[in-house]
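See below for the structure under consideration.
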Amino acid sequence: MTAPRPDSGPVPVRAVLVTIGLVLATLLLLYVVVETRRVLIWMIVAAFFAVALYPLVDWIQRRAPWCRRSLATLLVFLAVFLLLAGVVALFVVPLAQQGTKFAGQLPDLLEQARTGRGPIGDLLERTHALEYVQQNQARIRSFATGLTTPAAGVLRGVATGVAGTVTVFVLAYLMVLEGPKVVAGALGLMPPANRDRVRSVAADCARSITGYLSGNLLISVICGVLTYVVLKIAGVPFAGLIALFVAITDLIPLVGATLGAVVAAVVAIVHSVPAGIAVVVFFVLYQQLENHLLQPVIFARTVQLNPLTVLVAILVAVELAGILGALLAIPIASMIQVIARDLWDHRRGRPKAEPTVGEDRRPAAEVPD
C-alpha cells in the first residue's frame, strides 16, 4: 500500500507574484512587438544591408589606412545612393518620356479604340470590351467614383514606403559606422574562451548574407537580360524599360518573376497577340528554370545551402511572412545552418577513437567517477 504523500503546503505568495509578473511581462513584450512591427521590420532589413556593406568599408580602410571609418562609411553609402539613383533614373526618365509621348497620342488612340481600329481597337473589338463598356457605363462610373478612397490609401502607402526607405538607409549607415564598437562591446561581455568561437560564427553568418545578396543580384541580371532579348525579338515597345522592371521585381524570390511577367505580358498582348503568347510562354518556362535550377544552384554556391534546403526555406518563409519572408528566408536558413553546425561540433564533436570530456578534451577514462 502506497504511503500518502506529505502535504506540500500553500504556494508562497512570492512565487505567485513572480509568475503573474512573468506572464504580464510576456504579454507586454508581445504587445510592444505587435505595435512596433513596422519599425522592427525596418531594423531587420537595415541590419541585413549593414552586414552586406560592412566588408566594403573594411576593404576601403585596409586599402587606405589614412581613411577614417566615418569617411569610408560615407563613401560606401554615397556610392550605393548614386547606384540606386542611377537605377531610378534609368526607370523614371524613359517612363516620363514615353508617358509624355503617350499623352500626345492618347486622343488618336481613343478614337481608334472607339472605332475599332489600330492594335487597341482591334483587341477591344475581338474581346467585345467596347460593347461591355457601353452596356455598363453607369456601373463603371460608380466604380471610378469609389476609387478616391483607395487612391488616398495608395498615397499613404507611398509616403510610408519613402519614410521606410530613408529610415532603413539611415539605420544601416549608423550600424556600419558603429559596428566595431558594438561588436567589441558585445564580445567583451563574454568569457575569453568563447570570444573567438562567437567571432568565427558571426563572420560565417555575415558571409552567408553577402553571398545571398550577390547571388540574388546575379539571378536578377540574368532575368532582365533574357527578358530584354525576348521582348526585342518579339518587337515589343519599351523593351529596355520593361526588362529593367522585371529585373527589379525578380529580386523577390519565387514570386518576383511572376509580378514582372504580368506587366511584360500585358504590354506584349497589347502590341500583338503572337508577341503576347511568346512572352507568356517564355515567362512560364523561365520561372520554372529559375525556381528549380538557377536559385537552388546559385544559392547553393553563394550561401552554401543545398538546393532542397533553399526551396523548402523559401516555401516555408513565404507561408509565414509573405514577401518579407521570401526575401529573408535564404540568409536566415544559412545562418541557422552555421549556428547549428557550430553547436553540433562544440557539443557533440565528430566520432573519436577515445571519448573525451571537458574543454581541455581530457580522456574520459582518466576522469574519476
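The values are calculated or read from the model by the stated rules, or taken from the named source; none is laboratory data. Fair warning: this is a prediction, and the values are worked out from it, not measured in the lab. Glycine also receives a Cβ, built like all others from the backbone with ideal geometry; neighbour counts cover every protein chain displayed.
Going residue by residue through the stretch 205-212, is there one that turns out to be charged (D, E, K, R), touching a residue at least 40 places away in the same chain (Cβ under 8 Å), surrounded by fewer than 20 Cβ atoms within 10 Å (Cβ to Cβ) and farther than 29 Å from Val273 by Cβ?
Of all residues in the stretch 205-212, those charged (D, E, K, R) come to 207.
Keeping just the survivors that are touching a residue at least 40 places away in the same chain (Cβ under 8 Å) gives none.
Checked against the condition, which is being charged (D, E, K, R), touching a residue at least 40 places away in the same chain (Cβ under 8 Å), surrounded by fewer than 20 Cβ atoms within 10 Å (Cβ to Cβ) and farther than 29 Å from Val273 by Cβ, the stretch 205-212 yields no hits at all.
For Ile252, the conditions (1) within 23 Å of Met43 (Cβ to Cβ); (2) of a type in the set (A, V, I, L, M, F, W, C); (3) at pLDDT below 80; (4) in a helix (DSSP H, G or I) all hold with the exception of (4). The residues in the stretch 182-204 that are among the aliphatic types (A, V, I, L, M) and either in contact with a Gly (Cβ under 8 Å, 6 or more places away or on another chain) or not in a helix (DSSP H, G or I) (or both) can be counted, and the count is 2. Remark: pairs (first residue in the stretch 160-177, closer than 12 Å to Phe81 by Cα; second residue at pLDDT below 85 and of a type in the set (Asp, Glu); Cβ separation under 9 Å; 6+ apart in sequence or on different chains) are absent.
For the stretch 271-293, the set of residues classified as among the small types (Gly, Ala, Ser) and assigned to a helix (DSSP H, G or I) consists of Ala275, Gly276, Ala278, listed by residue number.
Among the residues of the stretch 227-240, are any assigned to a helix (DSSP H, G or I), of a type in the set (S, T, N, Q), in contact (Cβ under 8 Å) with a residue 12 or more places away in the chain and in contact with a Pro (Cβ under 7 Å, 6 or more places away or on another chain)? Looking for residues that are assigned to a helix (DSSP H, G or I), of a type in the set (S, T, N, Q), in contact (Cβ under 8 Å) with a residue 12 or more places away in the chain and in contact with a Pro (Cβ under 7 Å, 6 or more places away or on another chain), one finds none in the stretch 227-240, hence no. Yes or no: Phe81 surrounded by fewer than 14 Cβ atoms within 10 Å (Cβ to Cβ), farther than 23 Å from Ala239 by Cβ and at pLDDT 85 or above? Criteria met by Phe81.
Among the conditions (1) modelled with pLDDT under 60; (2) hydrophobic (A, V, I, L, M, F, W, C); (3) in a helix (DSSP H, G or I), the only one that Ala353 does not satisfy is (3).
Going by the conditions given, is Val87 more than 25 Å from Ala202 (Cα to Cα), surrounded by 12 or more Cβ atoms within 10 Å (Cβ to Cβ), modelled with pLDDT under 80 and not basic (Lys, Arg)?
On the way: more than 25 Å from Ala202 (Cα to Cα): yes; surrounded by 12 or more Cβ atoms within 10 Å (Cβ to Cβ): yes; modelled with pLDDT under 80: yes; not basic (Lys, Arg): yes.
Yes, satisfied.
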